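The values are calculated or read from the model by the stated rules, or taken from the named source; none is laboratory data. Since the structure is predicted, the reported quantities are computational estimates derived from the model, not experimental observations. For neighbour counting, all protein chains shown are included, and Cβ atoms are generated from backbone atoms with ideal geometry for every residue, glycine included. Just the protein is used for accessible areas: all its heavy atoms, side chains included, with ligands, DNA and RNA removed. Shrake-Rupley method; radii C 1.70, N 1.55, O 1.52, S 1.80 Å.
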Amino acid sequence: MKIVVAGAGYAGTVAANRLARKLTDAQITVVNPSSEFVERVRLHELIAGSGTATRSLREVLDDRIELRIAAIEKVGDGVLTMADAQSLEYDKLVYAVGSSNHAPEGTYAVGGLDAARAAHAKLVELDAGSTVTVVGGGLTGLEAASEVATERPDLTVRIVSDEFGASLSSRARRRVLDVLRDLGVDVVTGEWTPEEPAALTLWAVAGQADGLAARSGLATDAAGRVAVDACLRSTSNPNVYAVGDSAAVPGARLSCQAALPQGAAAADNLVRDLTGRTGKPFSMSFVGQNVSLGRSNGVIQSAHRNDVPTRIWFGGRPAAYFKERVCRGALWSARTGRVASFPGPK
Ligand SMILES: Cc1cc2nc3c(=O)[nH]c(=O)nc-3n(C[C@H](O)[C@H](O)[C@H](O)COP(=O)(O)OP(=O)(O)OC[C@H]3O[C@@H](n4cnc5c(N)ncnc54)[C@H](O)[C@@H]3O)c2cc1C
């Protein structure tokens, strides 16, 4: 039995490691363009120079898993074609290629490893007083702006967006903006234009599917993410499961919080499928949102099971500590294939 996991982010590594534990006689191969495991949730730390965001992928994967370094160009029926024109056959596929950030020319995507490294290289060269602009007021933009402002208080940091922290409760949002202002970040409400002068512009606008599923003929939603049934199986190819940012799972948002349990659930359903058992519908509830604001500040927002924020939140150093534990927990899950999550709302 040949099982291939396409993409080794949070969703793919959880699925692969869980499958390796449960199916000792299957041949499991992970295909990923790079030999590094990227902790995407730490890319803003890499940019600012306060942390790292990569480790050896080989160390994250179970020894029984074969690793193939390649970018998949097309998903065919039972066969993958790589960018280097090599092919790889599969009986079952877990599709977990994540999302990409198409940053406008001259800007650096916070969510991409190469761009984050290039942004860091540029940042360390900046003279005091230079301007860094962060485009996007979602949690990634807020984290990036505060991290840069904390590490480089000699720079002028701006964050530009039509709204800030829209997914947070109003009080938590106010706290985040207060912290940004205390750090000296210039919070600009409005639309960013490429003409705006800045020594470095960081693009923190939500990612999209990269088009692989659509050009492979898999059924997708309008955003190009693989359409799946309740058991995370592609609606157009029963041998393909799709998870994480690259899957259109109802009720999910692009997040590591959703990617990890989806990876685990797809692995379990694939095992059920191979052993003639009925798949179990995927169900998870979000528990909240975690925002780091530099290394010693943050905001933790709790949520109802349907991801709507509650009135409960906390900030400061305990929030920074909590967020750090969450990031470490995500890496631990990726490594072990073990994930804790709560069932979703009925
Ligand atoms: C700065 C930042 C902070 C964040 N903070 C949080 C947070 O606090 N909480 C949270 O829940 N989420 C957070 N997120 C979002 C979270 O990181 C993503 O939603 C999560 O990484 C999605 O996991 P994934 O496995 O689907 O995709 P990814 O982690 O992106 O992994 C996809 C993998 O597929 C590989 N791949 C891509 N194309 C191909 C191809 N053609 N062939 C083979 N492999 C391919 C990629 O190289 C990558 O290794 C944050 C994101 C950023 C950028």
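Of all residues in segment 45-73, count the ones that are in contact with a Gly (Cβ under 9 Å, 6 or more places away or on another chain) and either modelled with pLDDT under 95 or of a type outside the set (D, E, K, R) (or both). Spell out the reasoning first.
Applying the first criterion (in contact with a Gly (Cβ under 9 Å, 6 or more places away or on another chain)) to segment 45-73 yields 45, 48, 50, 62, 72.
Next cut, either modelled with pLDDT under 95 or of a type outside the set (D, E, K, R) (or both) only: 48, 50, 72.
Total meeting the criteria: 3.
Taking the stated definitions as given, is SER34 polar (S, T, N, Q) and either more than 9 Å from the ligand (Cβ to nearest atom) or surrounded by 15 or more Cβ atoms within 10 Å (Cβ to Cβ) (or both)?
Taking the combined requirement at face value, the residue does not satisfy it.
Name the single residue that is farthest from VAL326 (Cα to Cα) among those in segment 1-10 being open to solvent by 20 Å² or more (accessible area, probe 1.4 Å) and more than 9 Å from the ligand (Cβ to nearest atom).
MET1
Can you tell me which residue among VAL243, VAL291, VAL271 is out of contact with any strand residue (DSSP E or B) (no Cβ under 6 Å at 6 or more places or on another chain), within 13 Å of the ligand (Cβ to nearest atom) and β-branched (Val, Ile, Thr)? Don't jump to the end; show me each part of the working.
Working: VAL291 fails: out of contact with any strand residue (DSSP E or B) (no Cβ under 6 Å at 6 or more places or on another chain); VAL271 fails: within 13 Å of the ligand (Cβ to nearest atom).
Sole residue among the options that is out of contact with any strand residue (DSSP E or B) (no Cβ under 6 Å at 6 or more places or on another chain), within 13 Å of the ligand (Cβ to nearest atom) and β-branched (Val, Ile, Thr): VAL243.
Among the residues of segment 11-31, how many are closer than 13 Å to ARG338 by Cα and either buried (at least 22 other Cβ atoms within 10 Å of the Cβ) or within 8 Å of the ligand (Cβ to nearest atom) (or both)? Please lay out each step first, then the result.
The initial filter retains those residues of segment 11-31 that are closer than 13 Å to ARG338 by Cα, namely 11-22.
Subset that is either buried (at least 22 other Cβ atoms within 10 Å of the Cβ) or within 8 Å of the ligand (Cβ to nearest atom) (or both): 11-19.
Total satisfying the criteria: 9.
Output the qualifying pairs, or none if there are none: Cβ atoms under 6 angstrom, residues six or more apart or on different chains, first residue in segment 254-268 and at positive phi, second residue away from the ligand (no atom under 11 Å from the Cβ).
Pairs found: none.
Is segment 211-228 home to any residue that is within 20 Å of ILE47 (Cβ to Cβ), modelled with pLDDT under 95, of a type in the set (Gly, Ala, Ser) and within 14 Å of the ligand (Cβ to nearest atom)?
Filtering segment 211-228 for residues within 20 Å of ILE47 (Cβ to Cβ) gives none.
No, segment 211-228 has no match at all.
So, in segment 63-72, how many residues would count as being within 21 Å of the chain's Cα centre (by Cα) and of a type in the set (Asp, Glu)?
0
Can you tell me how many residues in segment 228-238 are under 19 Å from SER283 (Cβ atoms) and surrounded by fewer than 18 Cβ atoms within 10 Å (Cβ to Cβ)?
Number of matching residues: 3.
Quick one: which of THR133, THR140 is outside any loop (DSSP other than H, G, I, E, B), among the hydroxyl-bearing types (Ser, Thr, Tyr), touching a residue at least 40 places away in the same chain (Cβ under 8 Å) and open to solvent by 20 Å² or more (accessible area, probe 1.4 Å)?
Working: THR133 fails: open to solvent by 20 Å² or more (accessible area, probe 1.4 Å).
Every option except THR140 fails the conditions.
For LEU80, indicate whether it is open to solvent by 10 Å² or more (accessible area, probe 1.4 Å), near the ligand (Cβ under 9 Å from one of its atoms) and touching a residue at least 60 places away in the same chain (Cβ under 8 Å).
no
How about segment 38-52: which of its residues are more than 7 Å from the ligand (Cβ to nearest atom) and under 25 Å from LEU212 (Cα atoms)?
GLU39
Of all residues in segment 200-226, how many are surrounded by fewer than 18 Cβ atoms within 10 Å (Cβ to Cβ) and of a type in the set (A, V, I, L, M, F, W, C)?
Final tally of qualifying residues: 5.
Scanning segment 98-107 for residues that are within 15 Å of the ligand (Cβ to nearest atom), at negative phi and open to solvent by less than 50 Å² (accessible area, probe 1.4 Å), which turns out farthest from the chain's Cα centre (by Cα)?
It comes out as THR107.
Among the candidates PHE282, PHE342, PHE286, which residue alone is buried (at least 22 other Cβ atoms within 10 Å of the Cβ), in contact (Cβ under 8 Å) with a residue 24 or more places away in the chain and away from the ligand (no atom under 12 Å from the Cβ)?
Values: PHE342 fails: buried (at least 22 other Cβ atoms within 10 Å of the Cβ); PHE286 fails: away from the ligand (no atom under 12 Å from the Cβ).
One residue alone meets the criteria, PHE282.
Please go through segment 289-317 and pick out each residue that is basic (Lys, Arg) and free of Cβ contacts under 8 Å to residues at least 60 places away in the same chain.
Start the filter on segment 289-317 by keeping residues that are basic (Lys, Arg), which leaves 295, 305, 311, 317.
Passing the criteria: ARG305, ARG317.
Evaluate the following for GLY316: is it open to solvent by less than 20 Å² (accessible area, probe 1.4 Å) and more than 12 Å from the ligand (Cβ to nearest atom)? Break it down into steps so the answer makes sense when it comes.
Values: open to solvent by less than 20 Å² (accessible area, probe 1.4 Å): yes; more than 12 Å from the ligand (Cβ to nearest atom): yes.
Considered against the rule, which asks whether it is open to solvent by less than 20 Å² (accessible area, probe 1.4 Å) and more than 12 Å from the ligand (Cβ to nearest atom), GLY316 comes out as yes.
Restricting to segment 108-126, and then to whatever is more than 13 Å from the ligand (Cβ to nearest atom) and closer than 19 Å to GLU196 by Cβ, can you tell me which residue is surrounded by the most Cβ atoms within 10 Å (Cβ to Cβ)?
LEU123
Being crowded, with 24+ Cβ neighbours inside 10 Å, modelled with pLDDT of 95 or more and in contact with an Asp or Glu (Cβ under 8 Å, 6 or more places away or on another chain) is true for just one of ALA242, ALA265, ALA248, ALA259. Which residue is that? Before the answer, list the steps.
Details: ALA242 fails: in contact with an Asp or Glu (Cβ under 8 Å, 6 or more places away or on another chain); ALA265 fails: in contact with an Asp or Glu (Cβ under 8 Å, 6 or more places away or on another chain); ALA248 fails: crowded, with 24+ Cβ neighbours inside 10 Å.
Exactly one of ALA242, ALA265, ALA248, ALA259 is crowded, with 24+ Cβ neighbours inside 10 Å, modelled with pLDDT of 95 or more and in contact with an Asp or Glu (Cβ under 8 Å, 6 or more places away or on another chain), namely ALA259.
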